Amino acid sequence: MTVEDLLEKQTEETERQAALENRILCCTAAGCVSCGADGIRGAIAGEIKAQGREGKVEVCGTGCMGLCSQGPLVLSAADRKLYGNVTAADAAALVSPNPIDRQALAPREIDLGAPFFIKQTKIVLANSGRVDPERLDDYIAAGGYQALAKALNEMTPKETVEAVRKSGLRGRGGAGYPTGLKWELVAKQAAPVKYVVCNADEGDPGAFMDRSVLEGDPHRVLEGMAIAGYAVGAQQGYIYVRGEYGLAIQRLQTAIKQAEREHLLGSRILEQGFQFRIDLRIGAGAFVCGEETALIASIEGKRGQPRQRPPYPPESGLWGAPTLINNVETFANIPAIVEKGAEWFSAIGTANSKGTKVFALAGKIVNTGLIEVPMGATLREILFEIGGGIPSGKFKAAQTGGPSGGCIPEQFLDVPVDYESLARIGSIMGSGGLIVMDETSCMVDVARFFMEFCMEESCGKCIPCRTGTVQMYDILRRMTTGEADEDDLAMLKGLSELLRETSLCGLGQTAPNPVVSTLKYFAGEYEAHIRDHRCPAGHCGLEAKEATR
């Protein structure tokens, strides 16, 4: 495929879709599939045939439409109406051209003018819910691979790196390292072989951002990786994806085959001299493999354990070669940056945190689901406007950053959500999981939950993490059962500092974060558990146990 062919295919597919009377988009992301979306899509296809409307109406699956709490979701493109909690019995009304038939769906119509939709700014999720992730032509019709064509034909590799640097994009995997600087480090290496690796080993409890992007718009990630390969001088890429992400893996495999067939991946991409191949590597579900050196070891066929740095992967990574590692969301930003320019991207967000961030809203929130907002939006805006607020009770805390993050109390609801602001109040951005808690949540038990996760996921290579997380978990467990005392509280604080200062990798270094933040902002709950053998949230049942002693 040449650039001219790409433009011609875009025009043809756009015109084909425009000629349809209706295009019914059925969310087939993992959440809606678990609620029967595949059966609904099949029922709609059957109704199209039964009503003799083939060629006039088509149904296709899409990625996540965001409002997971009301899935399965179906969008009628002709009149821009979105319906929630759809069933197979609704198929006839969805296909029918008669407005009267549609009236039966009115109670389940979702207002697209609601804050959940209009307060978002979509870059990474721009195509999710709009294109069929299993049809390359859908992605091309939406402008897909135009950024790759622009980079290959109008920009040098150095100019491509510079565009990413000027955009201010920072890695969306958690640490927030400047993406352009990382690309520059790899590009400067004078090595015959280099690699590009996409970290899709998303393992935080409550996080499903990367999974949703891979399920809903896999070609965007492939295009971002290909641009990265061109920029840094690599010809081979790997996507390291969790084995639990079966649907994402299936769609990635389909997308890679489609792109290779059309010479958008592989050799002579767009009939240029550039070649770049992408292969999948399936992880076994070890949380520690989200750390880049452990991930590299796993791809190499070794046990997934981190190693000391330096050397860093840009100098010596996969099989000792310079390696660029970014996560799914980071690569998904690249096509838009190349196509629209660094200045466009850097105008979004804050002074030091540019662009948007994708979050997975979960927990005690009305609108659970997937959202994308500009950096700098406040927690209050995210939770109470986009998220719809707390369904019952009162807001107590929001946990960001997964097991490596912290719990943010009500007093910080108006703090901008960006890298620096979150760090100042004892949390981190992380990959984008955002778990909301109300007054029924016990903060000591929340800390225990995350510490148990870190304990079980520790690779065991370094002593502080291997044994320290066990000791911290045991103290927290005894606090929730009324067995801990003041000495245990002092030990918990000491171990938190020890792990932060002496652990080998980010898992152990950040494992104390949920403990430290809850000790800081909810100290009264720890004191009640230890001194009064009472759980203020009524969660641990300590008063009942104390009464039976």
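The values are calculated or read from the model by the stated rules, or taken from the named source; none is laboratory data. Model, not experiment: these values are computed from the prediction. Heads up, the Cβs are rebuilt from the backbone with ideal geometry, glycines too, and the neighbour counts pull from every protein chain shown.
Here is a yes/no grid of residues against (1) part of a strand (DSSP E or B); (2) touching a residue at least 12 places away in the same chain (Cβ under 8 Å); (3) more than 18 Å from the chain's Cα centre (by Cα):
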{"residue": "Glu329", "(1), (2), (3)": "no, yes, no"}
{"residue": "Ala336", "(1), (2), (3)": "no, yes, no"}
{"residue": "Glu339", "(1), (2), (3)": "no, yes, yes"}
{"residue": "Ala360", "(1), (2), (3)": "yes, yes, no"}
{"residue": "Asn367", "(1), (2), (3)": "no, yes, no"}
{"residue": "Ile371", "(1), (2), (3)": "yes, yes, no"}
{"residue": "Ser392", "(1), (2), (3)": "no, yes, yes"}
{"residue": "Pro403", "(1), (2), (3)": "no, yes, no"}
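Just to be sure before I move on: is Ile435 touching a helix residue (DSSP H, G or I) at 6+ places or on another chain (Cβ under 6 Å), touching a residue at least 60 places away in the same chain (Cβ under 8 Å), buried (at least 20 other Cβ atoms within 10 Å of the Cβ) and not aromatic (Phe, Trp, Tyr) in the structure I sent?
Numbers: touching a helix residue (DSSP H, G or I) at 6+ places or on another chain (Cβ under 6 Å): no; touching a residue at least 60 places away in the same chain (Cβ under 8 Å): yes; buried (at least 20 other Cβ atoms within 10 Å of the Cβ): yes; not aromatic (Phe, Trp, Tyr): yes.
Considered against the rule, which asks whether it is touching a helix residue (DSSP H, G or I) at 6+ places or on another chain (Cβ under 6 Å), touching a residue at least 60 places away in the same chain (Cβ under 8 Å), buried (at least 20 other Cβ atoms within 10 Å of the Cβ) and not aromatic (Phe, Trp, Tyr), Ile435 comes out as no.
Give the residue, chosen from Leu252, Leu264, that is closer than 21 Å to Thr330 by Cβ and in contact with a strand residue (DSSP E or B) (Cβ under 7 Å, 6 or more places away or on another chain).
Numbers: Leu264 fails: in contact with a strand residue (DSSP E or B) (Cβ under 7 Å, 6 or more places away or on another chain).
After ruling out the rest, the residue left standing is Leu252.
For residues that are charged (D, E, K, R) and buried (at least 22 other Cβ atoms within 10 Å of the Cβ), scanning just the range 220-261, find the one that is modelled with the lowest pLDDT.
Narrowing the range 220-261 to residues charged (D, E, K, R): 220, 223, 242, 244, 251, 257, 260-261.
Then drop every residue that is not buried (at least 22 other Cβ atoms within 10 Å of the Cβ), which leaves 220, 223, 242, 251.
Numbers: Arg220: 98, Glu223: 98, Arg242: 92, Arg251: 98.
Among them, the one singled out is Arg242.
Considering the range 360-377 alone, what residues qualify as being touching a helix residue (DSSP H, G or I) at 6+ places or on another chain (Cβ under 6 Å) and either on the phi > 0 side of the Ramachandran plot or aromatic (Phe, Trp, Tyr) (or both)?
Passing the criteria: only Gly369.
Among the candidates Ala528, Ala537, which residue alone is over 29 Å from Ser458 (Cα atoms), without any contact (Cβ under 8 Å) to a residue 40 or more places away in the chain and in contact with a Lys or Arg (Cβ under 9 Å, 6 or more places away or on another chain)? Quick ask: steps written out before the conclusion?
Working: Ala537 fails: without any contact (Cβ under 8 Å) to a residue 40 or more places away in the chain.
Residue meeting the stated conditions: Ala528.
Within the group Val124, Val186, which residue is within 27 Å of Glu420 (Cβ to Cβ), in a loop (DSSP other than H, G, I, E, B) and either in contact (Cβ under 8 Å) with a residue 60 or more places away in the chain or touching a Pro at 6+ places or on another chain (Cβ under 9 Å) (or both)? Step through it out loud before you land on a result.
On the way: Val186 fails: in a loop (DSSP other than H, G, I, E, B).
Just a single option satisfies the conditions, and that option is Val124.
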